1. Determine whether B:R85 is in contact with a helix residue (DSSP H, G or I) (Cβ under 6 Å, 6 or more places away or on another chain) and assigned to a helix (DSSP H, G or I).
2. Among the residues of the stretch A:19-38, is any under 18 Å from the mean Cα position of the chain (by Cα), at pLDDT 95 or above, under 22 Å from B:R150 (Cβ atoms) and surrounded by 16 or more Cβ atoms within 10 Å (Cβ to Cβ)?
3. Of the conditions (1) of a type in the set (G, A, S); (2) outside any helix (DSSP H, G or I); (3) more than 18 Å from B:L155 (Cα to Cα), B:S77 fails just one. Which one is it?
4. Could you tell me how many of the residues in the stretch B:21-61 are open to solvent by 60 Å² or more (accessible area, probe 1.4 Å) and more than 12 Å from every other protein chain (Cβ to nearest Cβ)?
5. Give me the helices (runs of 4 or more DSSP H) completely within the stretch B:130-196, filtered to those with at least 3 residues that are open to solvent by less than 20 Å² (accessible area, probe 1.4 Å) and facing chain A (nearest Cβ under 7 Å), ordered by residue number.
6. How many of the residues making up the stretch B:62-72 are within 14 Å of B:L18 (Cβ to Cβ) and within 14 Å of chain A (Cβ to nearest Cβ)?
7. In this structure, is B:R97 over 24 Å from A:A49 (Cβ atoms), at pLDDT below 90, away from chain A (no Cβ under 11 Å) and open to solvent by 70 Å² or more (accessible area, probe 1.4 Å)?
8. Name, by its number, the condition in (1) modelled with pLDDT under 80; (2) open to solvent by 80 Å² or more (accessible area, probe 1.4 Å); (3) closer than 30 Å to B:A29 by Cα that does not hold for B:V116.
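The values are calculated or read from the model by the stated rules, or taken from the named source; none is laboratory data. Source: prediction; values computed, not measured. Because the Cβ atoms are built from the backbone with ideal geometry, glycine has one as well, and the counts that use them run over all protein chains shown. The protein model used for the area step is the full one, side chains on, heavy atoms only, and it has no ligands, DNA or RNA in it. Shrake-Rupley method; radii C 1.70, N 1.55, O 1.52, S 1.80 Å.
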Amino acid sequence: MNLHVSSEILSAYLDGESRPAETRKLEAHLASCTSCRGRLDALRGVARAVERSAVRAAPPAWLATR
Amino acid sequence: MKAATITSEAVRDLDLDLAERHRVGDVQAFDEVYARYEGMVYNLALRLSGDRDEAADLTQETFLRIYRHLGSFRGRSALKTWIFRIALNHCRDRLSRFRPPMQSIAEETEDEPFSVRLTDPGRDPEELAVAADESRRVSRCLAHVPHAFREAVILRDLEGLSYEEIAEVLGVRMGTVRSRIARGREQLRTLLEGGT
């Protein structure tokens, strides 16, 4: 795979949702492409930032004791 | 693979049992549903509305709908995705009618910082303040991501749903889910790097 990988495939790979054939090609490509490894890391950072941004936002106490 | 199948069947049986108990008047059944999904529905409403009071209202109204319709739940999808679909549709309906979405978690006054609402006793105040700043920044940027992409990113990264579950909640194909999550993340990355 000479061309860079699409964001869609990188994003799906990050989530464990890429197809087996895609995964094999992608991993082979990532082994030699620092650019795509960097893009994958950046997408991972975004996903983690969203995850961290809200999981601790607890509902107001009155809602829990309605 | 077999274990995963058994687990999903067990979950389905539990879901159907809750619906049946609710149907025959067991009040504890709804309390169990509420306890299990309240936080997820509230967080979804919070990120879509951008306002805590509105998110609390949306959560209450969503659970009122769930209360009314739980008896008719037949297990064609998991209870979790059924609830997210109700919550998402209600948020879309309410927010499109009453005001433009996403105004303001990020715009809250400094005298009531986001950190006071964080619930993580294992972290010291400085860490919480940094986390609150980051949370505000992500919220501010998410508000600028088109709603179709934002919903997909929230369901994936915040709620932890699989692509298949997101497809069920949104009523779209798996390929569309893939595309929306990727585009949403790319747009969010650009916004975060741009210091919005």
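1. yes
2. Within the stretch A:19-38, none of the residues are under 18 Å from the mean Cα position of the chain (by Cα), at pLDDT 95 or above, under 22 Å from B:R150 (Cβ atoms) and surrounded by 16 or more Cβ atoms within 10 Å (Cβ to Cβ).
3. (3)
4. Of the residues in the stretch B:21-61, 6 are open to solvent by 60 Å² or more (accessible area, probe 1.4 Å) and more than 12 Å from every other protein chain (Cβ to nearest Cβ).
5. B:174-193
6. The qualifying residues number 3.
7. Considered against the rule, which asks whether it is over 24 Å from A:A49 (Cβ atoms), at pLDDT below 90, away from chain A (no Cβ under 11 Å) and open to solvent by 70 Å² or more (accessible area, probe 1.4 Å), B:R97 comes out as yes.
8. Result: B:V116 fails condition (3) only.
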